[in-house]
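**Q** Mind having a look at this structure? Questions to follow.
The values are calculated or read from the model by the stated rules, or taken from the named source; none is laboratory data. Please read these numbers as outputs of a predicted model, since none were measured by experiment. A quick note on method: Cβ atoms are made from the backbone with ideal geometry, for glycine too, and the neighbour counts reach across all protein chains shown. Areas reflect the complete protein model, heavy atoms only, side chains present, ligands, DNA and RNA absent. Shrake-Rupley method; radii C 1.70, N 1.55, O 1.52, S 1.80 Å.
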Amino acid sequence: MEPPSSRNITILNESERTVRKSRLVRAVSDAFSRHGKPNARACLLLTTDERVRDLNRQFRGIDEETDVLTFPAGEYSGDQLGDIAIAVPYAERQAKLRGVSLSQELGYLAIHGALHLVGFDDEAESDRAEMVRQMNLVAIETGLKPDLHWASILHGDVL
């Protein structure tokens, strides 16, 4: 089987941070491949807390900051699975609280978003546990350190 093309994952960095795009491309591609979508395409937006808050308000009716949002493309979009938006400053704060690098946190958030695009949900505790398990499997493939207790800690999720 041929590895997925990095051209399938587009990254738009609006943040003021320098990030390793290759790791994020690999994280999303690995998540898609692991779940039967090796040719899937997505756009990953790295942006500000304010931009993600605006998107959260506009599309979910929730007027608050968050770390990552996903926007599925819909059933008639072919290989385009959707978009992922990550608030880089928010991710920085979470990384500091977690004691990990920004690169590690961004990788996990990218994987989290990609898993949402392939159909995973994390509303119920059992679904959240399975999603974290899947995130760790992809993270290890991607070269990230395992984090068996990953959670959106700034939302007050349990570590």
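**Q** For segment 25-88, what is the charge dipole size about the Cα centre, in debye to the nearest 20, if Lys and Arg each add +1 at the Cβ and Asp and Glu each add -1 at the Cβ? Please list the in-between numbers first.
**A** Values: 8 positive and 11 negative charges, 64 e Å.
I would put it at about 300 debye.
**Q** Then there's this: Would you mind checking which residues have amide H under 5 Å from ASP67's amide H? H placed 1.01 Å from N; only 5 or more apart, or other chain.
**A** Amide H to amide H, under 5 Å and 5 or more residues apart or across chains, ASP67 pairs with nothing.
**Q** Still on this structure: Got a number for the accessible area of HIS149? Probe 1.4 Å, square angstrom, nearest 10.
**A** 120 Å²
**Q** With a cut-off of at most 14 other beta carbons within 10 Å, and DSSP calling the residue loop, which chymotrypsin sites (Phe, Trp or Tyr not before Pro) in segment 30-109 qualify? Please list them. List each step's numbers first, then the result.
**A** Numbers: sites: PHE32, PHE59, TYR76, TYR90, TYR108; in loops: TYR76.
Hits after loop and neighbour filter: TYR76.
**Q** Amide H to amide H under 5 Å from ILE11: which residues, 5+ apart in sequence or cross-chain, H placed 1.01 Å off N in plane?
**A** So ILE11 has HN proximity to LEU44.
**Q** Further, regarding this structure: Could you tell me the accessible area of LYS145 in Å² (1.4 Å probe, neighbours in place), rounded to the nearest ten?
**A** Here the accessible area works out near 150 Å².
**Q** Residue by residue through segment 11-16, which ³J(HN,Hα) values in whole Hz follow from phi under the Karplus form 6.51 cos²θ - 1.76 cosθ + 1.60 (θ = phi - 60°), with glycine and proline marked x?
**A** Those phi angles translate into 10, 10, 9, 8, 6, 8 Hz.
**Q** Enter the Cα centre distance for the pair segment 73-117 and segment 4-71, rounded to the nearest angstrom.
**A** Cα centroid of segment 73-117 versus Cα centroid of segment 4-71: 5 Å apart.
**Q** Any idea of the accessible area per residue across segment 60-159, 1.4 Å probe, to the nearest Å²?
**A** Ligands and nucleic acids excluded, the figure is 48 Å² per residue.
**Q** I need the GluC sites (Glu not before Pro) found in segment 63-159, filtered to DSSP loop residues with at most 16 other beta carbons within 10 Å of theirs. The partial results should precede the final answer.
**A** Details: sites: GLU64, GLU65, GLU75, GLU92, GLU105, GLU123, GLU125, GLU130, GLU141; in loops: GLU64, GLU65, GLU75, GLU123.
For GluC sites (Glu not before Pro) across segment 63-159 that sit outside H, G, I, E and B with at most 16 neighbouring Cβ atoms in 10 Å, the list reads GLU64, GLU75, GLU123.
**Q** Normalising by the residue count of the chain, find the relative contact order in percent from Cα pairs under 8 Å and 6+ residues apart.
**A** Numbers: 259 pairs, mean separation 34.2, N = 159.
22 percent.
**Q** Same structure again: Rounded to the nearest percent, how much of the accessible area of segment 7-125 (1.4 Å probe, protein heavy atoms only) is carbon and sulfur?
**A** For segment 7-125, the apolar C and S fraction of the accessible surface comes to 45 percent.
**Q** I need the phi-derived Karplus couplings for segment 45-58: 6.51 cos²θ - 1.76 cosθ + 1.60, θ = phi - 60°, integer Hz, Gly and Pro marked x.
**A** Per residue, the Karplus-derived 3J(HN,Hα) values read 9, 9, 8, 8, 4, 4, 5, 5, 4, 4, 5, 4, 5, 5 Hz.
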